[in-house]
Amino acid sequence: MKVTEDLTKALGRKRGELNISVLELARQTGVSRWTLDKILKNRAGNINPTTLNKLNVWLYEHV
């Protein structure tokens, strides 16, 4: 699935609000730090639907 700009912004914004590192975000979401780094730098392209679901669940839990 394609990573949207909205997802990238939401992850970056929430990560900033919580003041957590990419490594901590990886621990909390269950997504590798390498994948998160690509997403946050808009270099991910397509990601696995399972990964997208993990990120959406994490964002939903931290609203």
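The values are calculated or read from the model by the stated rules, or taken from the named source; none is laboratory data. Predicted model, so just to flag it, every value in this text is computed and none were measured. Every residue, glycine as well, gets a Cβ built from its backbone with ideal geometry; the counts of neighbours run over all protein chains shown. Side chains included, ligands, DNA and RNA excluded: accessible areas come from the protein's heavy atoms. Shrake-Rupley method; radii C 1.70, N 1.55, O 1.52, S 1.80 Å.
Ordered by solvent-accessible area of protein heavy atoms (1.4 Å probe), largest first, the residues Trp34, Trp58 come out as Trp34, Trp58. Structural descriptor for the chain: relative contact order 47 percent, calculated from alpha carbon pairs under 8 angstrom and at least 6 residues apart. Radius of gyration over Kirkwood radius for the chain, both on Cα atoms: the Rg/Rh ratio is 0.90.
A simple count of charges around Trp34, restricted to other residues whose Cβ falls under 12 Å of its Cβ and scoring Lys, Arg +1 and Asp, Glu -1, yields +3.
Entry comment: accessible area of the chain is 69 Å² per residue, from protein heavy atoms only and a probe of 1.4 Å. Shown here for the stretch 1-61: trypsin sites (Lys or Arg not before Pro) in loop regions (DSSP other than H, G, I, E, B) with at most 15 other Cβ atoms within 10 Å, namely Lys41, Arg43.
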